[in-house]
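Working notes, beginning with the structure itself.
The values are calculated or read from the model by the stated rules, or taken from the named source; none is laboratory data. Given the structure is predicted, the values throughout are model-derived calculations rather than measurements. So basically every Cβ, Gly included, is an ideal-geometry build from the backbone, and we count neighbours across all protein chains shown.
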């Protein structure tokens, strides 16, 4: 057996840390939000600038990852008591709170800093997303009211608005509509999630729509928000000038979202709930691709 | 039965082909065929996504019978509207009445064989239209020979429909596992022949 050199040991240690940090940034959620930001930029169909696109991707990735780590840092006590999340590196002690806080702050500052350097207005929108997510949603409202989801949604709508702002240089109606589409899409994702993991949220004493208003009302809210999300996406698509064929495809995918949303109201079951939860993510990703073409 | 990665891949390819057909493959047609094909391929697209998400067991849901009827009905309506102009109104009436009849006989507790007869008639006629119309038009030289592929797609949709109907009726032609295993490949082949047929028409 050969002893490893100090350099190899150091490299292995760095790799191990990175492997621990990856769950802290919720790669799937961050990727989806990043995709909305890039779609917002590409939706303007301005002459493509690879460097700007790269800048948007990097700054949004850093800012979204930073805010996610900060959320996880603050919510580590909740994560520790929830079945779904108790194995997260912060909750089970593999990453110390100080280390996570430092990582979250560094990523956030780098992300917002790069964004401000690229364009002050773009930077402001990126900062607003981070502020709504970390301060308003996580620190202030999440443990107090189920309506915190609205602010979580507003924050989720910021990357797409930011991307659009970077391309057009202003906050326009299309950007607001796209942002609204994400805001109203979020309940189809998060509320189905809070129904699926109802017991988990109860044990952590986090107020959710199902625990406050019951499952029936929650399902109605999901259906209503799906209608508004699909409508906002459709109107934005028309205003952007998406080709007729791609609009047709968006309509088909939106119809799928609406059918599943109504199925949760009229034929509620765990299976329908789960399919809506998964389909909603696919819907958002597909819509973002169609807006970018 | 767990859905294999290969089945998921085949379903994903089917969904992408259906999406392509909705977005690009039917450009330039009249409004009614565009609407009809969008409904047909759109349902196929969403159904494939749900099969990927939930697995092939979802085929046992009673809604599948109704949804799977809309695909041949809408595709056949598009074909008739495009190629048999004098039959447009009559066929549109058949499509609407047929869909309504299936909806009613499935939603209400009918006794006897009426629901099965209605399903067989509506499925049978629309399936024959999809199979025969493109085949005859291609054979006559009215359209290019490649359009016959749509007819082949019609035959495949009929085969898939038969396998599923007998399975749901409790008298499967093939073992359940075999049907569920070949279905994704059948769906992909069917969609590919439709897309190729429309492209080559």
Practice prompt. Can you confirm whether the range A:196-217 contains a residue that is within 14 Å of chain B (Cβ to nearest Cβ), within 30 Å of residue A:46 (Cβ to Cβ) and under 22 Å from the mean Cα position of the chain (by Cα)?
Written response: no
Worksheet, complete the sentence: The condition from (1) within 30 Å of residue A:194 (Cβ to Cβ); (2) in a helix (DSSP H, G or I) that residue A:58 misses is numbered (1)
Discussion item. For the range B:14-30: of the residues being more than 11 Å from chain A (Cβ to nearest Cβ) and in a helix (DSSP H, G or I), which is surrounded by the most Cβ atoms within 10 Å (Cβ to Cβ)?
Written reply: B:14
Worksheet entry | Test result for residue B:163, assigned to a helix (DSSP H, G or I), more than 18 Å from residue B:84 (Cβ to Cβ) and at pLDDT below 90 | yes
Worksheet, complete the sentence: Going through (1) away from every other protein chain (no Cβ under 14 Å); (2) more than 24 Å from residue B:35 (Cα to Cα); (3) surrounded by 19 or more Cβ atoms within 10 Å (Cβ to Cβ) one by one, residue A:288 fails only at (2)
Item to complete: Quick one: residue B:54 ticks every box in (1) at pLDDT 95 or above; (2) in contact with a helix residue (DSSP H, G or I) (Cβ under 7 Å, 6 or more places away or on another chain) except a single one, so which number is it?
Response: (1)
Worksheet item: In the range A:260-271, what residues are without any contact (Cβ under 8 Å) to a residue 24 or more places away in the chain and surrounded by fewer than 18 Cβ atoms within 10 Å (Cβ to Cβ)?
Response: A:266, A:267, A:269, A:271
Worksheet, complete the sentence: In the range A:241-259, anything more than 8 Å from every other protein chain (Cβ to nearest Cβ) and in a helix (DSSP H, G or I) is listed as A:247, A:250, A:254, A:257, A:258
Worksheet entry | Residue among A:177, A:224, A:276 that is within 12 Å of chain B (Cβ to nearest Cβ) and closer than 30 Å to residue A:143 by Cα | A:276
Worksheet item: For the range B:22-47, how many residues meet the condition of being more than 14 Å from the chain's Cα centre (by Cα) and within 26 Å of residue B:58 (Cβ to Cβ)?
Response: 2
Discussion item. For the range A:158-188, give me each residue that is under 15 Å from residue A:35 (Cβ atoms) and without any contact (Cβ under 8 Å) to a residue 40 or more places away in the chain.
Written reply: A:158, A:179, A:186
Item to complete: Look through the range B:43-71, keep the residues that are closer than 20 Å to residue B:13 by Cα and away from every other protein chain (no Cβ under 11 Å), and return whichever of them is surrounded by the fewest Cβ atoms within 10 Å (Cβ to Cβ).
Response: B:59
